[in-house]
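What follows is calculated from the coordinates using simple rules that are stated; it is not laboratory data. Predicted, not measured: the structure shown is a model, and the values here were computed from it. Cβ sites come from the backbone with ideal geometry, for glycine too, and all protein chains shown count toward neighbours.
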Amino acid sequence: MTVLTHKRAKVNGVTLHYVTAGRGTVVLCMHGWPQNHREFLPVIERFTDQYAFIAPDLRGFADSDKPYGGYEPKTIAQDMLALLEVERVEKFHILSHDLGGPPSVALAYAAPERALSLATIETPFFGLDFPGYVDPRVPYWHLGMHMNMDVTQFLVEGREEQYLRHFFRDFAYNPTAVPESDIQQYVMQMRQPGNLRASLNHYGYIPQMAAQTAELTRSKLSVPMLAWAGRASFGDHCFDCAKAIAASAEGGVIEECGHWVFEEKPDFICEQLGRFWAKHS
């Protein structure tokens, strides 16, 4: 069992809870909704003898502060740069999932000389414009609903377990892939005071997310990029977007896999990440 060190730091006006583990070149992990740093444990456990992991609960989630603003990708990127300063990290890889993806792209653009690589797993990309691009708000009903934060909070509060269980089962290829113990952890998190309201801001800020991503991606990203998605979830979207924005992009589509890649296909994604990080370390 990997030993995690739990820490807190005041960065960019918010206090973030984060965990560290391992040794070597740093991998900064940026999670999605409705998860937290725990979603990266399958990767952390596989690589602690080769890499040092920093995995925060992003603003609005779990044991980090839950402010009423500051959910733009560029602001969250500044949270991460300040956290890296606390940990005295110069060079680092970035690993993100889901809505942790857009701010991870902003971070790579903000620190192109320091970021060794960017791996975006099952990330929705907003604000792009290339032949064949489809805004994720079109095929995924919950994005538009969650943007209406007050209505979503009104409907979900008191039903957090039923609602999250729907996502962990129906957004997976294998409905039993996410362990029951993890589901209970995420339900407990979502019931913490302010967590549902604050975490929904990551959807409420999608218009700003789209605008900032469009602005950033006017120039090609120089940081090498890896993008994988599950066939039963985002499919070609992630790799197609990576090829559109990055000068160097690798990745593809994972068969018999849904949204929860680290839980559904841990061996495959760890093999791909290990190869990618070794190439760019």
task: Taking a cut-off of 18 Å between Cα atoms, list the aspartates and glutamates near K7, but don't count ones fewer than 8 places away on the same chain.
output: E39, D57, D63, D65, D79, E85, E87
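Which value, in Å to one decimal place, does the Kirkwood hydrodynamic radius take for the range 36-96 when every pair of different Cα atoms is included? Mind dumping the intermediate values first?
Details: mean 1/r = 0.0775 Å⁻¹.
So the Kirkwood estimate lands at 12.9 Å.
With n ≥ 4 as the cut-off for DSSP H runs, can you work out [θ] at 222 nm for the chain, using -39500 (n - 2.57) per run divided by the number of residues, rounded to the nearest 500? Each step should come with its number before you reach the end.
Working: 13 runs with 116 residues, N = 281.
Roughly -11500 deg cm²/dmol at 222 nm, from the helical runs in the chain.
Based on the inverse mean of 1/r over its pairs of different Cα atoms, what is the Kirkwood hydrodynamic radius of the range 5-280, in Å?
On the way: mean 1/r = 0.0544 Å⁻¹.
When all Cα pairs of the range 5-280 are included, the Kirkwood radius is 18.4 Å.
Does the range 153-233 come out rounded, prolate or oblate, given a ≥ b ≥ c as the square roots of the eigenvalues of its C-alpha gyration tensor, rounded meaning a/c under 1.5 and, failing that, prolate meaning a/b above b/c? Present the calculation step by step, with values, prior to reporting the outcome.
Details: a/c = 2.71, a/b = 1.46, b/c = 1.85.
It comes out oblate by the Cα gyration axes.
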- prompt: Is the shape of the range 137-281 rounded, prolate or oblate, going by the alpha carbon gyration tensor and its root eigenvalues a ≥ b ≥ c, with a/c under 1.5 for rounded and a/b larger than b/c for prolate?
  reply: oblate
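Under 15 Å from the Cβ of G251, count the other residues' Cβ atoms, weight Lys and Arg +1, Asp and Glu -1, and hand me the total.
On the way: positive: R231, K243, K265, R275, K279; negative: E122, D236, D240, E250, E255, E271.
Around G251, the surrounding residues sum to -1.
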task: Would you mind pulling out the separation of the Cα centroids of the range 64-125 and the range 126-202, in Å?
output: 20
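Semi-axes of the equivalent ellipsoid for the range 114-193, please: Cα gyration tensor eigenvalues, times 5, square-rooted, ordered largest first, whole Å.
On the way: eigenvalues 138, 71, 41 Å².
Taking √(5λ) for each eigenvalue gives 26, 19, 14 Å, largest first.
Could you tell me the relative contact order of the chain? Use alpha-carbon pairs under 8 Å, at least six residues apart, and round to a whole percent.
On the way: 565 pairs, mean separation 54.6, N = 281.
The normalised contact order for the chain reaches 19 percent.
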